[in-house]
1. Output ³J(HN,Hα) for region 7-24: one whole-Hz value per residue in order, computed from phi by the Karplus curve 6.51 cos²θ - 1.76 cosθ + 1.60 with θ = phi - 60°, and x for Gly and Pro.
2. Pulled fully out, how much extra length does the chain show between Lys54 and Lys116, if you take 0.36 nm times their separation in residues and subtract their Cα-Cα distance?
3. Counting other Cβ atoms within 10 Å, keep those with at most 15, restrict to DSSP loop, and tell me which chymotrypsin sites (Phe, Trp or Tyr not before Pro) in region 3-61 are left.
4. Which trypsin sites (Lys or Arg not before Pro) does region 1-92 hold that lie in a coil by DSSP with at most 11 other beta carbons within 10 Å?
5. Which whole-Hz ³J(HN,Hα) couplings does region 192-200 yield from phi under the Karplus relation 6.51 cos²θ - 1.76 cosθ + 1.60, θ = phi - 60°, glycine and proline marked x?
6. What number comes out for the charge environment of Tyr105, summing +1 per Lys or Arg and -1 per Asp or Glu over other residues with Cβ under 11 Å away?
7. Please find the FRET efficiency linking Tyr29 to Arg166, where r is the Cβ-Cβ separation and R0 is fixed at 41 Å, and quote it to the nearest 0.05.
Amino acid sequence: MHVFISDAHIRSERSARANILNRFLREMYGRIDSLYILGDLFEFWFEYNIVFPKDYFKTLATLYNYIQRGKQVHYILGNHEVMTGSLLKNFGFIIHRQDATLEIYGRRVYLAHGNKIDRRAWTTIWARLLNSKLNHTLYRLIHPDIGVFLAQGIAYLSRRQRRNPRSVKQLERFAREKLENVDVVVLAHSHIPACRQFNEHKYYLNTGDWINHFSYGLIDRDRIGIEYYRP
């Protein structure tokens, strides 16, 4: 079984959702063949040269255990993965910087976080700020304790922006167009789980989030859908 998760926005390993996600991953270990993270696993990801937030360690360790035991863990970057270097690759993650098209059980599956599809003003401004090389350079000059604190606060404000039904429709519209060339489209970003079957063989999944819904997508040999974890 192939499992797809996104949008946990973990700030601290002591948080309830971090504990729930790690419990889910441990319980599902024997059933999962490959795991796909469709972005925004953490509230804010920025790689310094030699440090990373200690409050992410347990989640990374759980995922590293998957990788060490021979399971593939794909990471499709979202809009809260601001600056990625070699660390995630050194852990063994398969990194996709924007999107990916893979074959799973003979089906062509398109994966993306979905932020590039979202055309809201706040999302556009956020992307420009975070993709600026000048801002990356200036941010590195701030002590990590201060920098991570400030960045998580700003990221939290971004996440708290009101969910616009238009963005949900934008994602589904994009998926329907993409399904002309693939069999399954899996997106995230909206924090609203969705499973749409457009004909006998075409599917659109949105993985939802691990803040309110604790939802995940799955593709098995005989099933495609969205499920919910109830700890």
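1. Here the 3J(HN,Hα) series is 6, 7, 6, 5, 9, 8, 5, 8, 6, 4, 6, 5, 5, 5, 5, 5, 5, 4 Hz.
2. Full extension from Lys54 to Lys116 adds 19.4 nm.
3. Answer by residue number: Tyr29, Tyr48.
4. Arg14, Arg31, Arg69
5. 10, x, 8, 9, 10, 10, 9, 7, 4
6. -1
7. E between Tyr29 and Arg166, to the nearest 0.05, is 0.60.
Where a number appears in this text, it was derived from the coordinates with a stated rule and is not lab data. Everything numeric here is computed off the predicted structure, so don't read it as measured data. Every residue, glycine as well, gets a Cβ built from its backbone with ideal geometry; the counts of neighbours run over all protein chains shown.
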